[in-house]
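Have a look at the structure below before the remarks.
The values are calculated or read from the model by the stated rules, or taken from the named source; none is laboratory data. What you are looking at is a predicted structure, and each value in this text was computed from that prediction instead of being measured. When we count neighbours, we look across all protein chains shown, and the Cβ atoms used for this are built from the backbone with ideal geometry, even at glycine. The area values use the complete protein model at the heavy-atom level, side chains included, leaving out ligands, DNA and RNA. Shrake-Rupley method; radii C 1.70, N 1.55, O 1.52, S 1.80 Å.
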Amino acid sequence: MTGDPAFPPSRDLVDVHLHFVPDVYRQAAVAAGWGTPDGMPGIPPWTEAVMLEMMDRVGIAKGMLSISSPGVFFGDERAARDLSRKVNLEGARLVADRPGRYGLFASLPLPDVDGALSEIEFAFDTLGAEGIYLQSNAGGVYPGDSAFDPVFAELDRRAAVVFLHPTSPWCPCCASRERPLPRPMLEFMFETTRAVTNLVLSGTLDRYRNLKLIVPHAGATLPVLADRIELMTGMIPSSSAIPAAEVIPTLSRLYYDLAGVPVRGLLPALRTFADPERLLYGSDWPHTPTAVVERNRRNLDDVFGEEPGARHAWRSRNAAKLFAQRQEPGR
């Protein structure tokens, strides 16, 4: 089976979950005291040369670049504005240096709404970004909070692709004095679930239907909790701005990347409400080592291998359609 005719058969993946770690970001994070973020040993090493080597080895034709947790906000809004601009300029430089090999999900200095609106304009109109990177919370404020409505209204106006990514919760609830767990093990999955649930139940995704949200890690815990969210919404209607009957249909309109290890348990649950046309490939490199990325890709190939057309869909076709749908403001 061959891939998209635009790509060699051995390199046809479009990776919507590919991180870059420019020096300007690493230096700022370390200086702000975030050199070991999210309970991890440190910020992973990164160079473009090693990233390209990984892409060729795994079969990635194009990678959508984004930074990862903890994002650009370390408690100082002015510094976050400055860092988001520097990160976005560096991402745009990489895209310009290798046309067609990369795309950019631009970072925003949330919770600074005015700064975020300014950066959205710069990212799309000056840098030509293909989408926006949002975290599961910004300084403890979650997407779907009314404070962020102006940001979502502008993203909706631009029919923007929005890539959501988890970060640590702004609370001590996941800390353990004896054996602290790395946040990506558990908390990242619940952070993603909380952020998407808030977007659904606040009515944000119902009001702003032009934006296109990519949910990472095969939906995190949403596939196994979706029915419970629907049930509780029906039992307590005041908890939601939309009726319970709209919860699953709203989730089915979203896009889901397949980063992580979703095959054995999570992917079957996700596919109960996510159309095959809504599934996208994601590596989560360099936070996921290359050998693990390769193994995960092979597992996905095995799962989808016997389904006519499915392999090409999640590897590249769905992403090509998604980014082709983006409209200009004032449409």
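Checked against (1) open to solvent by less than 30 Å² (accessible area, probe 1.4 Å); (2) under 13 Å from His19 (Cβ atoms), Trp46 meets all criteria but (1). Among the conditions (1) more than 18 Å from the chain's Cα centre (by Cα); (2) of a type outside the set (Val, Ile, Thr); (3) open to solvent by 50 Å² or more (accessible area, probe 1.4 Å), Ser202 misses just one, which is (3).
Among residues of the stretch 134-152 that are more than 13 Å from Ser202 (Cβ to Cβ) and modelled with pLDDT under 95, those with a beta-carbon under 9 Å from a residue that is of a type in the set (Lys, Arg) and not in a strand (DSSP E or B) at least six positions away or on a different chain give the pairs Ser136/Arg194; Asn137/Arg194.
Which of the residues that make up the stretch 104-131 are free of Cβ contacts under 8 Å to residues at least 60 places away in the same chain, part of a loop (DSSP other than H, G, I, E, B) and under 20 Å from Lys321 (Cα atoms)? Listed by number, the residues that qualify are Gly128, Ala129.
Of the residues examined, Leu213 is not one that is in contact (Cβ under 8 Å) with a residue 40 or more places away in the chain, in contact with a Ser or Thr (Cβ under 8 Å, 6 or more places away or on another chain) and either open to solvent by less than 50 Å² (accessible area, probe 1.4 Å) or not hydroxyl-bearing (Ser, Thr, Tyr) (or both). Within the stretch 13-46, the only residue that satisfies the criterion of being more than 20 Å from the chain's Cα centre (by Cα), farther than 22 Å from Ser84 by Cβ and at pLDDT 90 or above is Pro45. Scanning the stretch 299-311 for residues that are exposed (fewer than 12 other Cβ atoms within 10 Å of the Cβ) and either at pLDDT 85 or above or part of a helix (DSSP H, G or I) (or both) returns a single hit, Asp302. Please work out which residue is nearest to the chain's Cα centre (by Cα), limiting yourself to the stretch 138-148 and to residues that are over 14 Å from Pro216 (Cβ atoms) and of a type outside the set (Gly, Ala, Ser). Once the filter is applied, the top-ranked residue is Tyr142. Residue pairs whose Cβ atoms lie under 9 Å apart, sitting 6 or more positions apart in sequence or on different chains, and linking a residue in the stretch 43-60 that is part of a strand (DSSP E or B) to a partner that is buried (at least 20 other Cβ atoms within 10 Å of the Cβ) and aromatic (Phe, Trp, Tyr), are Ile60/Tyr281; Ile60/Trp285.
Considering (1) open to solvent by 60 Å² or more (accessible area, probe 1.4 Å); (2) touching a helix residue (DSSP H, G or I) at 6+ places or on another chain (Cβ under 9 Å); (3) part of a helix (DSSP H, G or I), the lone condition that Trp314 does not fulfil carries the number (1).
Please determine whether any residue of the stretch 170-186 is open to solvent by less than 40 Å² (accessible area, probe 1.4 Å), farther than 18 Å from Phe323 by Cβ and among the aromatic types (Phe, Trp, Tyr). Taking every residue of the stretch 170-186 in turn, none turns out to be open to solvent by less than 40 Å² (accessible area, probe 1.4 Å), farther than 18 Å from Phe323 by Cβ and among the aromatic types (Phe, Trp, Tyr). Among the residues of the stretch 49-93, the one identified as open to solvent by 70 Å² or more (accessible area, probe 1.4 Å), in contact with a helix residue (DSSP H, G or I) (Cβ under 7 Å, 6 or more places away or on another chain) and more than 18 Å from Phe122 (Cα to Cα) is Arg57. Assess whether Gly63 counts as being within 25 Å of Thr288 (Cβ to Cβ) and touching a Gly at 6+ places or on another chain (Cβ under 9 Å). Judged against the criteria, Gly63 is a match.
Would you be able to say whether some residue in the stretch 277-287 is open to solvent by 40 Å² or more (accessible area, probe 1.4 Å), at pLDDT 90 or above and either among the charged types (D, E, K, R) or not in a loop (DSSP other than H, G, I, E, B) (or both)? Yes, the stretch 277-287 has at least one match. Would you check if Leu266 is more than 17 Å from the chain's Cα centre (by Cα) and closer than 23 Å to Thr167 by Cβ? Considered against the rule, which asks whether it is more than 17 Å from the chain's Cα centre (by Cα) and closer than 23 Å to Thr167 by Cβ, Leu266 comes out as yes.
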